[in-house]
Amino acid sequence: MIERDKLPICYSKYPYREIEQAYLCTEPVVRVRRSDDEYYMTYKSKGLMVREEYNLPLTRESYEHLLAKADGAVIKKKRYLIPYEDRTIELDIFEGNHEGLILAEVEFETEDMANVFTAPDWFGEDVTFSSKYHNSTLSQNKL
């Protein structure tokens, strides 16, 4: 979890996506997502650091139909894509019900690669092992 005053000054110069997502089910996780003008339904397995994820493309109409059936709050955020070493940091700045929450994520090919990664100082508290910050959990509660 990142504190706003710790963010790198230049984060807003990087490309970002406007994301809206909602959950049809939280166990197992089944979500629908709009990322700019792309639409998906995603299944995610249980887990904290390592999770399987499968994406199915949707049309805008299908997305809107399923969005109306969502359980819980719709998550809205801007995801900035920041290059860092040989990776991309996905910096999520939440809006709406979760305004003020800022999270960063870096994806890896293996768990070993994740374990040797040194995050930049501005990352703040590591919430990898807390399901409290999973978007599926956030959709059910306000922080």
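Before moving on, here are some points about what is shown:
- Label point distance in nm, Asn97-Thr42, each placed 7 Å from Cα along Cα→Cβ: 1.7
- Stretching Glu18 away from Lys78 to a fully extended chain increases their span by 21.1 nm, per 0.36 nm per residue minus the current alpha-carbon distance.
- Peptide ranges 110-118, 71-79 listed from the most packed, as the mean C-beta count within 10 angstrom indicates: 71-79, 110-118
- Extension gain for the segment Thr128 to Ser35, taken as residue separation times 0.36 nm less the Cα-Cα distance, is 31.2 nm to one decimal.
- Mean residue ellipticity (222 nm) of the chain, computed from DSSP H runs ≥ 4 via -39,500 (n - 2.57), nearest 500: -3000 deg cm²/dmol
- Inter-probe distance in nm under a simple model that places probes 7 Å from Cα toward Cβ, at Glu3 and Arg51: 2.7
- Accessible area of the range 1-89 belonging to carbon and sulfur atoms, whole % at 1.4 Å probe: 49
- Positive-end ranking of Ala119, Asn55, Ala22 along the dipole of the chain, with charges on Cβ about the Cα centre, is headed by Ala22.
- The Cβ shell under 12 Å around Tyr39 holds other residues with a net charge of -2, Lys and Arg each +1, Asp and Glu each -1.
- Three-way shape call for the range 1-69 based on the alpha-carbon gyration tensor, with the a/c threshold at 1.5: oblate
- Accessible area per residue for the range 1-137 is 61 Å², calculated with a 1.4 Å probe on protein heavy atoms, without ligands, DNA or RNA.
- Between Cys25 and His65, the FRET efficiency from the beta-carbon distance, with R0 = 22 Å, is close to 0.90.
- The chain - charge dipole about Cα centre, Lys and Arg +1 at Cβ, Asp and Glu -1, debye rounded to 20: 500
- Separation of alpha-carbon centers, the range 40-81 and the range 1-21, rounded to whole Å: 20
The values are calculated or read from the model by the stated rules, or taken from the named source; none is laboratory data. Model, not experiment: these values are computed from the prediction. Here Cβ is always computed from backbone atoms with ideal geometry, including for glycine, and neighbour counts include all displayed protein chains. Keep in mind that these areas ignore ligands, DNA and RNA; they rest on the heavy atoms of the full protein, side chains included. Shrake-Rupley method; radii C 1.70, N 1.55, O 1.52, S 1.80 Å.
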